[in-house]
Every structure is written in structure tokens, then in C-alpha cells.
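The values are calculated or read from the model by the stated rules, or taken from the named source; none is laboratory data. Not measured: the values here are computed from a predicted model. All Cβ positions, glycine included, derive from the backbone under ideal geometry; neighbour counts span all protein chains shown.
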Amino acid sequence: MANWSDPRTGGVGFGGAAAQTRGAAYDAGLRSYMLSVYNYMASGVLLTGLVAMLFAQTELAYQILAGPGILKYVLMFAPLGFVMVLSFGINRLSTAAAQGIYWAYAAVMGLSMASIFLVYTGTSIAQTFFATAAAFAGLSLYGYTTKKDLSGFGTFLIMGVIGLIVASLINIFLQSSILDLAISAIGVLIFAGLTAYDTQKIKNTYDYVAGTEMVGKSVVMGALSLYLDFVNMFMFLLRFMGSRE
């Protein structure tokens, strides 16, 4: 729907130059906003990877992640707590607090993901990471540049995530390799779709937060969404591409 007050709308006649100036300012602001989102997202992934790699080299990691005990499950579910705090408390948090929780989440996620270094070879992890990065870049670029409205896919994709969670819980008891393979394949497709969808959603969000104090918080939440898309796509791809130790 056209918006008569959209600063991107170029004008002719009276005020045309001013409208073009506003449009250029909007585009510059949007680029800066998206660059901040990607920087936070990439930095979070890097932090997670470094923490996971370093922690996996310690004896403590093997004792916790490969042995019995409740600490393994604490590390497994702790990142979910950070996500819930950010998702449900973002309006009450300051920008600095939201940023701090995001970095803490990325670090704790690294502790949780250290287990992959105990299961898969370093070469296969690296190959999967670069494959995920290439796919993510292409999908995110599509979501940013496409003129097609992807909002209609949002509900379908979120329902798919819920279905994945339910299927994964069921397979804990069934231990079916066929079901595990199906979950992995569907998971890759769902988070590939979410990457494009979330990118477009983050881009459109700028219209509502530009020039407000919510910009900083919006950057953090956008980075978190893309971070989750990347990490989940990586983990599902690793089930296909990973070579076990």
C-alpha cells in the first residue's frame, strides 16, 4: 500500500529536491541499520564459535557434555532462557542491557555447542560452516532485495518450527534414524525460508523505529533472529555433512 508520507517517495515540482534528499537520507539510514544488524549477528556467531572451540579442548567439557549429570542439560537449555528474556522483556530493557544479554547468550550458546567438537571432525564442521555461510548470504540477500511480500510465509514457517520441536522430542524415545534424517532435511528448508523472511521483516521494521530510541533494541532483536536462523541451519546441515570422530 502506498504511503503518502513515505520519505522514500520522490517528488516533482515544488519540494522535489527536498523529497529526494529525504529519500537519500532514508536509504543511508537503512543501510546503516542493516549493517549494524549483520555486524551484531556475525560477531555473535564468531563469539559462539570461539567459545565452543576453546571449551571443547578442556577436560571439563568432556566431563560435562559426554558424561552423566544435570550440568549437561543446564548448558543445553540455558540459551533458551536468554532468548525468552530478550523476546518478552525487550520493551523493559535498556539498549545496553539488551546488548549485554545478547553477548551473554552467544557465549553460553558456545558452551552448549562445544559438544559438536566431541562428535564431528573439525574439517567437516568447518566445511559445514562455510556452506551455511554461503547459503545464508544468498538467502538473506534475496530477502533484502525481493519485491515479493514474504510475510505470508511467516505463520507457515513458525508452525514448521513447532512441528520440528515436537518431532524431535518424539524421536528422543523412538530413536529412528529415518525420522532424524527427515527432521534434518525439513529443518534446513524451514530455516532457509526463515532467513529470507526474517531479513525482509527486519528491513521493514526500520520504517517504524527510524529516529526513535527503539533503533538500538531493534538491531539486537534483528541480530538475534538472524543468529538463530544461521545456527539452526548449520546444526541441521551438520547432520548431513558432518563426519563423526
Looking at 210, 196, 167, which is the one that is surrounded by fewer than 22 Cβ atoms within 10 Å (Cβ to Cβ), among the small types (Gly, Ala, Ser) and in contact with a Gly (Cβ under 7 Å, 6 or more places away or on another chain)?
210
Residue by residue through the stretch 156-180, note down the ones that are under 12 Å from residue 193 (Cβ atoms) and among the β-branched types (Val, Ile, Thr).
158, 161
Just to check your reading of the model, which residue among 154, 160, 143, 138 is closer than 29 Å to residue 53 by Cβ, within 17 Å of the chain's Cα centre (by Cα) and of a type outside the set (A, V, I, L, M, F, W, C)?
138
Give the number of residues within the stretch 190-206 that are out of contact with any Phe, Trp or Tyr (no Cβ under 8 Å at 6 or more places or on another chain) and in contact (Cβ under 8 Å) with a residue 24 or more places away in the chain.
6
Subset of the stretch 167-187 [polar (S, T, N, Q) and without any contact (Cβ under 8 Å) to a residue 12 or more places away in the chain]:
175, 176, 177
Pull out all pairs, ordered by first then second residue, where Cβ-Cβ is under 7 Å, the residues are six or more apart or on different chains, the first lies in the stretch 133-147 and is closer than 14 Å to residue 204 by Cβ and at pLDDT 95 or above, and the second is of a type in the set (Lys, Arg) and surrounded by 14 or more Cβ atoms within 10 Å (Cβ to Cβ).
144/203
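So that you can scan it fast, the table gives a plain yes or no per residue for (1) in contact with a Gly (Cβ under 8 Å, 6 or more places away or on another chain); (2) not hydrophobic (A, V, I, L, M, F, W, C):
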site	(1), (2)
95	yes, yes
98	yes, no
108	no, no
115	no, yes
125	yes, no
129	yes, no
163	no, yes
Of residues in the stretch 37-73 being β-branched (Val, Ile, Thr) and outside any helix (DSSP H, G or I), the one surrounded by the fewest Cβ atoms within 10 Å (Cβ to Cβ)
70
